[in-house]
There are 4 protein chains.
Amino acid sequence: MLLHCPDRQGIINDVTRFITDNRGNIVYLDQYVDTIESRLFMRIEWDLEAFLIPRDSIEEYIRTMIARKYEMEFKIYFSDVRPRMAIFVSKMSHCIYDLLARYKAGEWDVDIPCIVSNHEDLRFIGEQFDIPYYVFPVEKDHSNAAEVEKAEMELLARENVSFIVLARYMQIIGDNMIAAYPNHIINIHHSFLPAFIGAKPYHQAYQRGVKIIGATSHYVTAELDAGPIIEQDVVRISHKDTPESLVGKGRDLEKIVLSRAVTKHIERKILTYKNRTVIFN
Amino acid sequence: MLLHCPDRQGIINDVTRFITDNRGNIVYLDQYVDTIESRLFMRIEWDLEAFLIPRDSIEEYIRTMIARKYEMEFKIYFSDVRPRMAIFVSKMSHCIYDLLARYKAGEWDVDIPCIVSNHEDLRFIGEQFDIPYYVFPVEKDHSNAAEVEKAEMELLARENVSFIVLARYMQIIGDNMIAAYPNHIINIHHSFLPAFIGAKPYHQAYQRGVKIIGATSHYVTAELDAGPIIEQDVVRISHKDTPESLVGKGRDLEKIVLSRAVTKHIERKILTYKNRTVIFN
Amino acid sequence: MLLHCPDRQGIINDVTRFITDNRGNIVYLDQYVDTIESRLFMRIEWDLEAFLIPRDSIEEYIRTMIARKYEMEFKIYFSDVRPRMAIFVSKMSHCIYDLLARYKAGEWDVDIPCIVSNHEDLRFIGEQFDIPYYVFPVEKDHSNAAEVEKAEMELLARENVSFIVLARYMQIIGDNMIAAYPNHIINIHHSFLPAFIGAKPYHQAYQRGVKIIGATSHYVTAELDAGPIIEQDVVRISHKDTPESLVGKGRDLEKIVLSRAVTKHIERKILTYKNRTVIFN
Amino acid sequence: MLLHCPDRQGIINDVTRFITDNRGNIVYLDQYVDTIESRLFMRIEWDLEAFLIPRDSIEEYIRTMIARKYEMEFKIYFSDVRPRMAIFVSKMSHCIYDLLARYKAGEWDVDIPCIVSNHEDLRFIGEQFDIPYYVFPVEKDHSNAAEVEKAEMELLARENVSFIVLARYMQIIGDNMIAAYPNHIINIHHSFLPAFIGAKPYHQAYQRGVKIIGATSHYVTAELDAGPIIEQDVVRISHKDTPESLVGKGRDLEKIVLSRAVTKHIERKILTYKNRTVIFN
């Protein structure tokens, strides 16, 4: 269970007592109080084996007995329900290979029912890993953007997708899709946000003459490259780097930063509040 | 000697032959070709002991015999001439302490004839290290900015200052002073530029929810926080950090990044071209 | 209060209830369960203003009512009691300057009653900062080591020193002193421990051809360079570095790593168990 | 051409003049003088289009006209001859996936004629990427080690392999193979060498309580984990990490560090001298 609410005395006690009184064995508890927002964030995990409340009723009981009292927002996940992840790609393979290599190695408790692209280029990767690869070509003038979005959303619904990973997908995501998957679309931007928003960040970085470049993974919101940041990392460069060598060094950053963010998301360790993320570990 | 010029065949040969033919012993040579700008950057150091050309004529000889031929910009420094560095401060002591600790420990071949401030607060540091401390109070409305600049520039001229270090000096530097010390005023900005330009970058970073903060040392140009970057570094933060804790973590970054930039400047290892720095090591 | 004990259900409840039942207002609570050792570590801070139990009796009450039940080891600190820190130095000034600059800037809630050295070299720093500087020369053959240790310990006792910082103090600390200040002597070792234990680690690093060097701050125990690690950091180097340039780059690491460790110690955020540290933030 | 020799005046002149006099157009030149060993290291690349000396005779001409004079060791590579790389694996897939993803994306100018393993587990990866996968099972008591080495070396010879990458291959490489591929077998060790040599470095790191873990890529020599280091990197950990979570965090380090080393090797940017590497960029 992930929750957040205005910070008041007694919350932790109430929550833990509710669980232990009903014979739940707490196996993980982490909480954090944002003293500026005066808000408590909490992640608690317990064993359902001897739990007295039936699985289907847990959410209702918690809402009734705890959440209302504390104006709490909460979400319950069951560890035996694997999230279903869709990967969106364009032409670059480094991020999707990194995702699929982890998936195949069993690093993640996740299903990947489909890969979505606006190009045929990476179909062979879908075939290598035996994952259906769907192409929805987007016109250069974006005239068919609404149609494409509709078709993609039907596919995602049909495949029961719970979250989306944009693995260097070079298209703007439409507002309907963003609204349908709030804080469930993970993007990788190839700069140290908020520096170099938008197109060609490595060229921008070269022009500015920075000595370090970065990559940023964030949830997609309606405003471009402005959603809650999940993970960032950087690498040192020098005057010897060209825009091309930056692209090369950046690739390693991008895939690692994206995969770290996906890991946290799959493990349900991310809480989002007012465009900032709380990440438990 | 630091030089740069359009890249053509034969330059390195010509320069090294000029030195060795005149019995100079080359002790350091590093060069870098920017293939995008098609420009050669070079740093060469030689021993003057047996050098045939008198010290005072070297510059003229090089201009006549080499620089014109290659449209070369160059600068000659003598290692027995110590640069004279002025430190500008306001109220925060961490950067100036770091500078003076290195100076006192003999890490740098530099003289520090004066400390300049707009406040009395850090006069005790000048006294601790026996360095004259001058206060030029700036009015809140900046009405006396021109006067102050003039007085400061007179002091710098009188003290024969060769470069200026802004050690968290919280005032805008005037255009006259920038013009008088081109690429010789080193600032430390407390963010990973170009992110969070201007005031209160740590608060901006907190608002944006970044996972890494940085500091940037750069030469001061007429455009705010936009001069050639010399050095940057970063430190990882988390959702637990407040603007206040960022200020604390940032202090360590700022002083190290500034001192690294000053080191490179004192060692004459920085070349600047089109708002980017080439830094030899 | 810092505590650790075997992990059992109910501990957090019991501790927090004890405090709130007695009208203590909890302002900080962080806990961590080491699942391998099956041990709970906890840091809890509360406001004494309305607390029913008199300050002098708190320790006894907790021992009687909670600690015995849970086989708990605990320590209580009062935030209005400033720890008293002694600094030991030899000839290098970078670490002590960094410590004193923070002290002078008011970054730390600490008193520094004395500086101890085996050399006269840095007496001027004691004078700059108005802190008594004591020299206890150690013979090259260490023949007077026992005497020196005794004299130093008398000084520390007289000055009511609560912990010691070895700011590049180039002498082995005697067993009596280590026994008297268990996990209260902080050393900085100029390598990434456990690599390059012992003398001249930068020369060892050069010989081995590593691409990164580090610094390690740890509590001093009887075994050389083997105590619980508090903080480490690294910096990238290259084949161009000589042992001398490594010494230079290492200095920046050493002082920052040492000061970070001292910060955590002063804030009582470090728990030690079986040669490993738990560090709250 | 990569070369190194005792440092003497005139070498760079002689080499560059030899090339330009014979109408070679120099496109890359980097040199480095190790002042401690008094040895010059140089990497020079030139265009053969108009070069007067026939390709097959270049080596002989350089040996005769330059190398002898300066006691130079040198090696010539032609950029149109792609090195042939063999990958050795055991059961872990993260490193080989990273290598093959780069290969498939065309990042490297290299051929991969074979994958060698002591286990069947990763045969599916060979099939995914259409690369022959050979299994040479090693007995637990290593009784067949000599035979296996012989068979592997025959395969490598038949496939004309120029260098070997151990992508978490969990077997000791025999002396014959090391002798046959001096500084041409690249290993990834999952620690920050020289810390935690040998087996289970993450467990060793956990036991020691370090705050940072690393990975090291190095050339294999007869002494275990003691060969010339090519690349290292680190990641910060905390007391919350278990040996298992270290293994997870380490995987990302390992693959990136190994691939960076392989990149440098393929680009012929590594020179080795006395167990240290000089790496051009």
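The values are calculated or read from the model by the stated rules, or taken from the named source; none is laboratory data. Computed from a predicted structure; not experimentally measured. Quick reminder, even Gly has a Cβ in these numbers, built from the backbone with ideal geometry, and neighbours come from all protein chains shown. Calculation scope for accessible area: heavy atoms of the full protein, side chains included, ligands and nucleic acids excluded. Shrake-Rupley method; radii C 1.70, N 1.55, O 1.52, S 1.80 Å.
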Next on the checklist: Can you give me the % of accessible surface on the range D:1-99 that is carbon or sulfur? Probe 1.4 Å, all protein chains present, nothing else counted.
Outcome noted: 45 percent
Checklist entry - Taking the Cα centre of the protein assembly as shown as the origin, how large is its charge dipole in debye, to the nearest 20, when only Lys and Arg (+1) and Asp and Glu (-1) carry charge on their Cβ atoms? => result 0 debye
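What does the extension gain come out to for C:Q207 and C:A105, with contour length at 0.36 nm per residue minus their alpha carbon separation?
32.7 nm
With a 10 Å radius around each residue's Cβ, average the other Cβ atoms per peptide and rank D:64-76, C:145-157, highest first.
C:145-157, D:64-76
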Checklist entry - When the solvent-accessible surface of protein heavy atoms is calculated with a 1.4 angstrom probe, in what order do C:F163, A:F78 fall, highest first? => result A:F78, C:F163
Checklist entry - What are the residues whose amide H is under 5 Å from the amide H of D:E231, where those residues sit 5 or more places off or on another chain and H is modelled from the backbone? => result D:S217
Checklist entry - For the protein assembly as shown, what is the largest minus smallest coordinate of the Cα atoms on each principal axis, given in angstrom and ordered from greatest to least? => result 89, 73, 68
Item to check | Mean accessible surface per residue for the protein assembly as shown, computed with a 1.4 Å probe while every protein chain stays in place, in Å² | outcome: 43 Å²
Checklist outcome for this item: In nm, the gap between the two label points placed 7 Å beyond Cα toward Cβ at A:V235 and D:K91 is 3.1 nm
Checklist entry - Hey, got the dipole for the range A:1-100? About the Cα centre, +1 on K and R Cβ, -1 on D and E Cβ, debye to the nearest 20? => result 220 debye
Checklist entry - Shape of the range D:84-279 from its Cα gyration tensor (a ≥ b ≥ c, root eigenvalues): rounded if a/c is under 1.5, otherwise prolate when a/b > b/c, or oblate? => result rounded
Item to check | For B:151-160, mean number of other protein chain Cβ atoms within 10 Å | outcome: 0
Next on the checklist: I'd like the accessible area for B:D47, computed on protein heavy atoms only with a 1.4 Å probe and all protein chains in place. Round to 10 Å², please.
Outcome noted: 70 Å²
Checklist entry - Roughly how crowded by other chains is peptide D:201-214, in terms of the mean Cβ count from those chains within 10 Å of each of its Cβ atoms? => result 5
Checklist entry - Counting only protein heavy atoms and using a 1.4 Å probe, what share of the accessible area of the range D:229-281 belongs to carbon plus sulfur, as a whole percent? => result 51 percent
Item to check | Residue mean of other protein chain beta carbons inside 10 Å, D:184-194 | outcome: 2
Next on the checklist: What's the ranking of C:88-94, B:164-170, B:253-259 by average number of surrounding C-beta atoms within 10 Å, highest first?
Outcome noted: B:253-259, B:164-170, C:88-94
Next on the checklist: If a paramagnetic tag sat 7 Å from the Cα of B:Q171 along the Cα-Cβ line, which residues of the range B:134-159 would have the backbone N under 14 Å from that point?
Outcome noted: B:134-156
Checklist outcome for this item: Rounded to the nearest 10 Å², the accessible area of D:W46 using a 1.4 Å probe with every protein chain kept is 40 Å²
Item to check | Computed magnitude of the charge dipole of the range D:238-277 (debye, nearest 20; Cβ of K, R +1, Cβ of D, E -1) | outcome: 320 debye
Item to check | Helical contribution to [θ] at 222 nm, DSSP H n ≥ 4, -39,500 (n - 2.57), averaged over chain A, rounded to 500 | outcome: -9000 deg cm²/dmol
Checklist entry - Just how far, in whole angstrom, is the range B:140-192 from the range C:177-232 if you go by their alpha carbon centroids? => result 43 Å
Item to check | DSSP bridge orientation in chain C - percent antiparallel, rounded to nearest 5 | outcome: 70 percent
Item to check | Accessible area, probe 1.4 Å, largest first, for residues A:R55, A:R276 | outcome: A:R55, A:R276
Item to check | Non-local Lys pairs in chain B, i.e. 8 or more apart or on different chains, that have alpha carbons under 14 Å apart | outcome: 4
Checklist entry - PRE reach from A:R55 (point 7 Å along Cα→Cβ): which of the range A:76-120 fall under 13 Å by backbone N? => result A:77-82
Checklist outcome for this item: Quick calc: nm separation of the 7 Å Cα→Cβ label points for A:F124 and D:A146 -> 4.4 nm
Item to check | Heavy-atom accessible area order for C:T35, D:T272, C:T216, largest first, 1.4 Å probe | outcome: C:T35, D:T272, C:T216
Next on the checklist: How many angstrom lie between the Cα centre of the range C:37-65 and the Cα centre of the range A:57-86?
Outcome noted: 34 Å
Item to check | Formal net charge of residues neighbouring D:H142 (Cβ-Cβ distance under 15 Å; K, R +1; D, E -1) | outcome: -4
Checklist entry - Counting only the heavy atoms of the protein chains, how much of A:E267 is accessible to a 1.4 Å probe, in Å² to the nearest 10? => result 80 Å²
Checklist entry - Relative contact order for chain C: what is it in percent, counting Cα pairs under 8 Å that are at least 6 residues apart? => result 15 percent
Next on the checklist: Among B:S117, B:G227, B:G209, which residue has its Cα furthest toward the positive end of the charge dipole of the range B:84-279, with +1 on Lys/Arg Cβ and -1 on Asp/Glu Cβ?
Outcome noted: B:G209
